[in-house]
1. When the helices in the chain are scored as -39500 (n - 2.57) per DSSP H run of 4 or longer and the sum is shared across all residues, what 222 nm value do you end up with, to the nearest 500 deg cm²/dmol?
2. Please report the carbon-and-sulfur percent of the accessible area for the chain; probe 1.4 Å, protein heavy atoms only, DNA, RNA and ligands left out.
3. Nearest 5 is fine: what % of DSSP beta bridges in the chain come out antiparallel, could you say?
4. Using protein chains only and a probe of 1.4 angstrom, how many square angstrom of I117 are accessible, to the nearest 10?
5. Could you order M296, M1 so the one with the most accessible surface comes first? Probe is 1.4 Å.
6. Excluding ligands, DNA and RNA, what is the solvent-accessible area per residue of the chain at a probe of 1.4 Å, expressed in Å²?
7. For the chain, which semi-axes, largest first and in whole Å, follow from the square roots of 5 times the eigenvalues of its Cα gyration tensor?
8. I want to verify a result. In a Gaussian network model of the chain, Cα cutoff 10 Å, which of these has the top mean-square fluctuation: V36, V295, V231?
Amino acid sequence: MHRTRKLLEPLEYPPRQLIPHRCGSYAWTKEPETSVDIDLFENLAAAALDTSEDPDNRLECCLEALDLYRGDFLAGSGCQSWIIPLSAYYRNMCRRLLLLTVSLLTEREDYPRIIGICEKGLTIFPHDEELLYSLIFSLYRCGRQTEALDRYTKGTERLYRDLGITPSADLRSLYQIICSASHEMNMDLKLIEESFMEEALEEGACFCELPVFRDIYRLEQRSSGRSDYPVHLCLVTLTDPHGNPLRPQLLKNQEEILASVIRSSLRAGDVYSAFNASQYVILLPTSAPENCRPVMERIVRTFHDVCSQDDVRVTYSIQSSLSQ
(Lines give C-alpha, C1' and ligand atoms only; values in the text may rest on other atoms or scores of the structure.)
Protein backbone atom coordinates (compact mmCIF):
# COMPACT_ATOMS: atom_id res chain seq x y z
CA MET A 1 0.00 0.00 0.00
CA HIS A 2 2.93 2.29 0.68
CA ARG A 3 4.22 1.76 -2.88
CA THR A 4 0.73 2.37 -4.28
CA ARG A 5 0.44 5.67 -2.44
CA LYS A 6 3.89 6.71 -3.68
CA LEU A 7 2.67 6.20 -7.26
CA LEU A 8 -0.19 8.63 -6.59
CA GLU A 9 2.03 11.50 -5.42
CA PRO A 10 2.19 13.15 -8.91
CA LEU A 11 -1.57 13.79 -8.61
CA GLU A 12 -0.73 16.58 -6.12
CA TYR A 13 -3.38 15.34 -3.72
CA PRO A 14 -2.49 13.74 -0.38
CA PRO A 15 -2.18 10.00 -1.17
CA ARG A 16 -3.39 9.05 2.32
CA GLN A 17 -6.61 10.90 1.62
CA LEU A 18 -6.98 9.23 -1.76
CA ILE A 19 -6.67 5.75 -0.22
CA PRO A 20 -7.74 6.08 3.40
CA HIS A 21 -7.64 3.32 6.00
CA ARG A 22 -10.95 2.66 7.70
CA CYS A 23 -12.19 -0.19 9.84
CA GLY A 24 -9.17 -2.36 9.11
CA SER A 25 -9.34 -2.02 5.30
CA TYR A 26 -8.27 0.31 2.51
CA ALA A 27 -10.57 1.89 -0.07
CA TRP A 28 -10.56 4.59 -2.74
CA THR A 29 -11.90 7.85 -1.34
CA LYS A 30 -15.36 9.11 -2.24
CA GLU A 31 -14.74 12.67 -1.15
CA PRO A 32 -13.08 14.44 -4.12
CA GLU A 33 -14.84 14.04 -7.45
CA THR A 34 -12.68 12.07 -9.89
CA SER A 35 -12.91 11.23 -13.58
CA VAL A 36 -11.14 8.71 -15.79
CA ASP A 37 -10.31 9.36 -19.42
CA ILE A 38 -11.74 6.02 -20.61
CA ASP A 39 -15.11 6.90 -19.02
CA LEU A 40 -15.11 10.30 -20.72
CA PHE A 41 -14.09 8.65 -24.00
CA GLU A 42 -16.92 6.12 -23.84
CA ASN A 43 -19.52 8.77 -22.95
CA LEU A 44 -18.43 11.00 -25.83
CA ALA A 45 -18.37 8.04 -28.21
CA ALA A 46 -21.89 7.03 -27.22
CA ALA A 47 -23.15 10.57 -27.89
CA ALA A 48 -21.31 10.73 -31.22
CA LEU A 49 -22.75 7.42 -32.41
CA ASP A 50 -26.29 8.37 -31.43
CA THR A 51 -27.96 9.11 -34.78
CA SER A 52 -30.78 11.00 -33.05
CA GLU A 53 -28.35 13.70 -31.91
CA ASP A 54 -27.75 16.91 -33.84
CA PRO A 55 -24.95 16.44 -36.42
CA ASP A 56 -23.02 19.43 -35.05
CA ASN A 57 -23.10 17.96 -31.53
CA ARG A 58 -22.06 14.56 -32.87
CA LEU A 59 -19.10 16.13 -34.63
CA GLU A 60 -18.01 17.96 -31.48
CA CYS A 61 -18.24 14.74 -29.47
CA CYS A 62 -16.16 12.93 -32.10
CA LEU A 63 -13.44 15.56 -32.01
CA GLU A 64 -13.33 15.63 -28.19
CA ALA A 65 -13.19 11.84 -27.99
CA LEU A 66 -10.42 11.60 -30.60
CA ASP A 67 -8.45 14.22 -28.71
CA LEU A 68 -8.60 11.98 -25.63
CA TYR A 69 -7.30 8.92 -27.49
CA ARG A 70 -3.52 8.92 -27.13
CA GLY A 71 -2.73 5.31 -28.01
CA ASP A 72 -3.40 1.75 -26.90
CA PHE A 73 -5.01 1.18 -23.51
CA LEU A 74 -2.30 0.82 -20.81
CA ALA A 75 0.31 0.36 -23.53
CA GLY A 76 3.18 0.17 -21.04
CA SER A 77 1.69 -2.63 -18.98
CA GLY A 78 2.72 -5.53 -21.19
CA CYS A 79 0.49 -8.14 -22.79
CA GLN A 80 -1.60 -9.05 -19.77
CA SER A 81 -4.64 -11.09 -20.71
CA TRP A 82 -7.20 -8.69 -19.21
CA ILE A 83 -5.72 -5.68 -21.07
CA ILE A 84 -5.77 -7.16 -24.58
CA PRO A 85 -9.56 -7.22 -25.16
CA LEU A 86 -9.98 -3.74 -23.65
CA SER A 87 -7.20 -2.37 -25.87
CA ALA A 88 -8.87 -3.90 -28.94
CA TYR A 89 -12.24 -2.49 -27.86
CA TYR A 90 -10.94 1.08 -27.54
CA ARG A 91 -8.96 0.85 -30.79
CA ASN A 92 -12.08 -0.30 -32.63
CA MET A 93 -14.07 2.53 -31.05
CA CYS A 94 -11.41 5.04 -32.10
CA ARG A 95 -11.55 3.82 -35.70
CA ARG A 96 -15.35 4.11 -35.76
CA LEU A 97 -15.08 7.68 -34.52
CA LEU A 98 -12.43 8.53 -37.10
CA LEU A 99 -14.59 7.28 -39.96
CA LEU A 100 -17.67 8.99 -38.54
CA THR A 101 -15.76 12.27 -38.24
CA VAL A 102 -14.62 11.99 -41.85
CA SER A 103 -18.20 11.29 -42.94
CA LEU A 104 -19.61 14.29 -41.03
CA LEU A 105 -16.90 16.59 -42.37
CA THR A 106 -17.41 15.28 -45.91
CA GLU A 107 -21.05 16.36 -45.74
CA ARG A 108 -19.75 19.86 -45.03
CA GLU A 109 -17.05 19.52 -47.72
CA ASP A 110 -14.52 20.54 -45.05
CA TYR A 111 -11.60 18.80 -46.74
CA PRO A 112 -8.78 20.68 -44.94
CA ARG A 113 -10.03 19.34 -41.58
CA ILE A 114 -10.45 15.86 -43.04
CA ILE A 115 -6.76 15.90 -44.00
CA GLY A 116 -5.78 16.55 -40.38
CA ILE A 117 -8.12 13.86 -39.05
CA CYS A 118 -6.84 11.26 -41.53
CA GLU A 119 -3.22 12.15 -40.84
CA LYS A 120 -3.81 11.47 -37.14
CA GLY A 121 -5.79 8.34 -37.89
CA LEU A 122 -3.06 6.87 -40.10
CA THR A 123 -0.52 7.22 -37.29
CA ILE A 124 -2.75 4.87 -35.27
CA PHE A 125 -3.98 2.70 -38.17
CA PRO A 126 -1.21 2.92 -40.80
CA HIS A 127 -2.77 0.20 -42.99
CA ASP A 128 -6.35 1.49 -43.05
CA GLU A 129 -7.38 1.89 -46.71
CA GLU A 130 -10.53 3.88 -45.90
CA LEU A 131 -8.54 6.54 -44.09
CA LEU A 132 -5.89 6.53 -46.82
CA TYR A 133 -8.57 6.95 -49.50
CA SER A 134 -10.17 9.87 -47.61
CA LEU A 135 -6.80 11.55 -47.13
CA ILE A 136 -5.85 11.26 -50.81
CA PHE A 137 -9.30 12.38 -51.98
CA SER A 138 -9.25 15.39 -49.63
CA LEU A 139 -5.78 16.43 -50.79
CA TYR A 140 -7.04 16.17 -54.38
CA ARG A 141 -10.14 18.27 -53.63
CA CYS A 142 -7.93 20.90 -51.99
CA GLY A 143 -5.92 21.18 -55.21
CA ARG A 144 -2.87 19.44 -53.73
CA GLN A 145 -2.53 16.85 -56.49
CA THR A 146 1.22 16.29 -56.11
CA GLU A 147 0.80 15.53 -52.40
CA ALA A 148 -2.17 13.27 -53.16
CA LEU A 149 -0.12 11.20 -55.63
CA ASP A 150 2.79 11.07 -53.19
CA ARG A 151 0.55 9.77 -50.39
CA TYR A 152 -0.91 7.18 -52.76
CA THR A 153 2.56 5.91 -53.63
CA LYS A 154 3.77 5.79 -50.03
CA GLY A 155 0.51 4.33 -48.73
CA THR A 156 0.29 1.54 -51.31
CA GLU A 157 3.96 0.73 -50.86
CA ARG A 158 3.37 0.32 -47.12
CA LEU A 159 0.35 -1.94 -47.74
CA TYR A 160 2.37 -4.13 -50.06
CA ARG A 161 5.53 -4.13 -47.94
CA ASP A 162 3.87 -4.83 -44.58
CA LEU A 163 0.79 -6.86 -45.55
CA GLY A 164 1.56 -8.10 -49.05
CA ILE A 165 -1.67 -6.65 -50.50
CA THR A 166 -2.28 -4.44 -53.51
CA PRO A 167 -4.52 -1.34 -53.43
CA SER A 168 -8.27 -1.78 -53.79
CA ALA A 169 -10.16 -1.03 -56.99
CA ASP A 170 -11.57 2.19 -55.48
CA LEU A 171 -8.11 3.41 -54.54
CA ARG A 172 -6.73 2.62 -57.99
CA SER A 173 -9.65 4.42 -59.63
CA LEU A 174 -9.00 7.50 -57.50
CA TYR A 175 -5.35 7.37 -58.51
CA GLN A 176 -6.28 7.33 -62.21
CA ILE A 177 -8.69 10.25 -61.74
CA ILE A 178 -6.00 12.34 -60.05
CA CYS A 179 -3.43 11.45 -62.72
CA SER A 180 -5.78 12.45 -65.53
CA ALA A 181 -6.99 15.68 -63.89
CA SER A 182 -5.83 18.91 -65.51
CA HIS A 183 -6.93 22.35 -64.35
CA GLU A 184 -5.28 24.55 -66.96
CA MET A 185 -4.17 24.50 -70.59
CA ASN A 186 -0.48 24.38 -71.41
CA MET A 187 0.60 25.21 -74.95
CA ASP A 188 4.34 24.83 -74.28
CA LEU A 189 5.23 21.31 -75.45
CA LYS A 190 8.68 21.58 -73.88
CA LEU A 191 7.17 22.10 -70.45
CA ILE A 192 4.83 19.17 -71.02
CA GLU A 193 7.79 16.99 -72.01
CA GLU A 194 9.73 18.05 -68.90
CA SER A 195 6.77 17.11 -66.70
CA PHE A 196 6.92 13.59 -68.16
CA MET A 197 10.65 13.15 -67.58
CA GLU A 198 12.07 11.36 -64.56
CA GLU A 199 13.86 13.59 -62.06
CA ALA A 200 16.77 11.14 -61.96
CA LEU A 201 17.10 8.18 -64.29
CA GLU A 202 17.55 5.09 -62.14
CA GLU A 203 19.64 2.17 -63.33
CA GLY A 204 17.92 -1.05 -64.31
CA ALA A 205 14.34 -1.83 -65.28
CA CYS A 206 11.35 0.42 -64.68
CA PHE A 207 9.03 -0.54 -61.82
CA CYS A 208 5.41 0.62 -62.06
CA GLU A 209 2.11 0.02 -60.29
CA LEU A 210 0.05 -2.91 -61.54
CA PRO A 211 -2.67 -0.74 -63.22
CA VAL A 212 0.04 1.12 -65.16
CA PHE A 213 1.71 -2.17 -66.07
CA ARG A 214 -1.63 -3.45 -67.36
CA ASP A 215 -2.00 -0.40 -69.62
CA ILE A 216 1.53 -0.83 -70.96
CA TYR A 217 0.86 -4.50 -71.67
CA ARG A 218 -2.32 -3.67 -73.58
CA LEU A 219 -0.46 -1.06 -75.62
CA GLU A 220 2.31 -3.54 -76.46
CA GLN A 221 -0.30 -6.13 -77.39
CA ARG A 222 -1.95 -3.68 -79.79
CA SER A 223 1.44 -2.94 -81.37
CA SER A 224 2.16 -6.65 -81.79
CA GLY A 225 -0.78 -6.94 -84.17
CA ARG A 226 0.97 -4.59 -86.61
CA SER A 227 4.49 -5.94 -86.23
CA ASP A 228 3.65 -9.66 -85.89
CA TYR A 229 5.92 -9.76 -82.84
CA PRO A 230 4.31 -11.44 -79.82
CA VAL A 231 4.04 -9.86 -76.39
CA HIS A 232 6.03 -11.82 -73.81
CA LEU A 233 4.60 -11.76 -70.29
CA CYS A 234 6.81 -13.40 -67.66
CA LEU A 235 5.79 -14.40 -64.14
CA VAL A 236 8.39 -14.86 -61.38
CA THR A 237 7.27 -16.66 -58.20
CA LEU A 238 8.81 -17.16 -54.74
CA THR A 239 8.03 -20.49 -53.04
CA ASP A 240 9.53 -23.01 -50.66
CA PRO A 241 11.26 -26.11 -52.12
CA HIS A 242 7.88 -27.89 -52.32
CA GLY A 243 6.13 -25.10 -54.23
CA ASN A 244 4.22 -23.80 -51.20
CA PRO A 245 3.90 -20.10 -50.21
CA LEU A 246 6.64 -18.73 -47.97
CA ARG A 247 6.06 -17.77 -44.35
CA PRO A 248 5.23 -14.03 -44.06
CA GLN A 249 8.35 -13.34 -41.94
CA LEU A 250 10.60 -14.96 -44.55
CA LEU A 251 8.70 -13.59 -47.56
CA LYS A 252 9.22 -9.92 -46.71
CA ASN A 253 13.03 -10.07 -46.94
CA GLN A 254 13.13 -12.40 -49.93
CA GLU A 255 10.72 -10.38 -52.08
CA GLU A 256 12.89 -7.30 -51.54
CA ILE A 257 15.92 -9.27 -52.74
CA LEU A 258 13.99 -10.58 -55.75
CA ALA A 259 12.80 -7.08 -56.68
CA SER A 260 16.39 -5.81 -56.58
CA VAL A 261 17.60 -8.72 -58.70
CA ILE A 262 14.87 -8.18 -61.31
CA ARG A 263 15.61 -4.47 -61.54
CA SER A 264 19.35 -4.99 -62.01
CA SER A 265 18.98 -7.96 -64.39
CA LEU A 266 16.75 -6.20 -66.94
CA ARG A 267 17.37 -3.32 -69.31
CA ALA A 268 16.25 0.24 -68.62
CA GLY A 269 13.47 -0.12 -71.21
CA ASP A 270 11.97 -3.22 -69.59
CA VAL A 271 8.99 -2.96 -67.26
CA TYR A 272 8.03 -5.01 -64.22
CA SER A 273 5.45 -4.84 -61.43
CA ALA A 274 4.45 -6.62 -58.23
CA PHE A 275 1.51 -8.91 -58.96
CA ASN A 276 1.14 -9.89 -55.30
CA ALA A 277 3.38 -10.42 -52.27
CA SER A 278 5.25 -13.37 -53.78
CA GLN A 279 5.03 -12.77 -57.54
CA TYR A 280 6.33 -10.26 -60.08
CA VAL A 281 5.23 -9.79 -63.69
CA ILE A 282 7.71 -8.71 -66.37
CA LEU A 283 7.17 -7.45 -69.92
CA LEU A 284 9.96 -8.33 -72.37
CA PRO A 285 9.94 -6.89 -75.92
CA THR A 286 11.65 -9.77 -77.76
CA SER A 287 10.68 -11.65 -80.89
CA ALA A 288 10.72 -15.22 -79.53
CA PRO A 289 10.20 -16.98 -76.19
CA GLU A 290 13.69 -18.50 -76.55
CA ASN A 291 15.13 -15.01 -76.11
CA CYS A 292 13.25 -14.61 -72.82
CA ARG A 293 14.51 -17.77 -71.18
CA PRO A 294 18.17 -16.67 -70.79
CA VAL A 295 16.95 -13.48 -69.12
CA MET A 296 14.74 -15.39 -66.70
CA GLU A 297 17.46 -17.95 -65.99
CA ARG A 298 19.81 -15.07 -65.19
CA ILE A 299 17.29 -13.71 -62.68
CA VAL A 300 16.92 -17.12 -61.02
CA ARG A 301 20.68 -17.70 -60.92
CA THR A 302 21.45 -14.25 -59.52
CA PHE A 303 18.76 -14.56 -56.87
CA HIS A 304 20.14 -17.86 -55.58
CA ASP A 305 23.65 -16.40 -55.58
CA VAL A 306 22.46 -13.52 -53.39
CA CYS A 307 19.90 -15.32 -51.25
CA SER A 308 21.32 -17.13 -48.20
CA GLN A 309 18.17 -19.19 -47.57
CA ASP A 310 18.21 -22.81 -48.69
CA ASP A 311 14.45 -23.17 -48.28
CA VAL A 312 13.54 -20.51 -50.88
CA ARG A 313 13.03 -21.18 -54.58
CA VAL A 314 12.34 -18.95 -57.58
CA THR A 315 10.40 -20.28 -60.55
CA TYR A 316 9.20 -18.58 -63.72
CA SER A 317 6.81 -19.00 -66.63
CA ILE A 318 6.54 -17.24 -69.99
CA GLN A 319 3.38 -16.50 -71.97
CA SER A 320 3.47 -15.18 -75.54
CA SER A 321 0.48 -13.71 -77.34
CA LEU A 322 -0.34 -11.74 -80.47
CA SER A 323 -3.11 -9.15 -80.68
CA GLN A 324 -6.16 -10.67 -82.36
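1. Details: 13 runs with 176 residues, N = 324.
Value at 222 nm, helices only, nearest 500: -17500 deg cm²/dmol.
2. Working: 10420 of 20280 Å².
Looking at the chain in its full context, I get 51 percent from C and S.
3. Values: 22 of 24 bridges.
Bridges in the chain that DSSP calls antiparallel: roughly 90 percent.
4. Probe radius 1.4 Å; accessible area of I117 about 20 Å².
5. Numbers: M296 0, M1 95 Å².
Result of the area sort, largest leading: M1, M296.
6. On the way: 20280 Å² over 324 residues.
Dividing the accessible area of the chain by its residue count gives 63 Å².
7. Details: eigenvalues 566, 163, 46 Å².
Here the semi-axes work out to 53, 29, 15 Å.
8. The residue that fluctuates most here is V36.
The values are calculated or read from the model by the stated rules, or taken from the named source; none is laboratory data. Just so you know, these numbers come straight off a predicted model, no measurement behind them. What goes into the accessible areas is simple: the full protein's heavy atoms, side chains included, and nothing from ligands, DNA or RNA. Shrake-Rupley method; radii C 1.70, N 1.55, O 1.52, S 1.80 Å.
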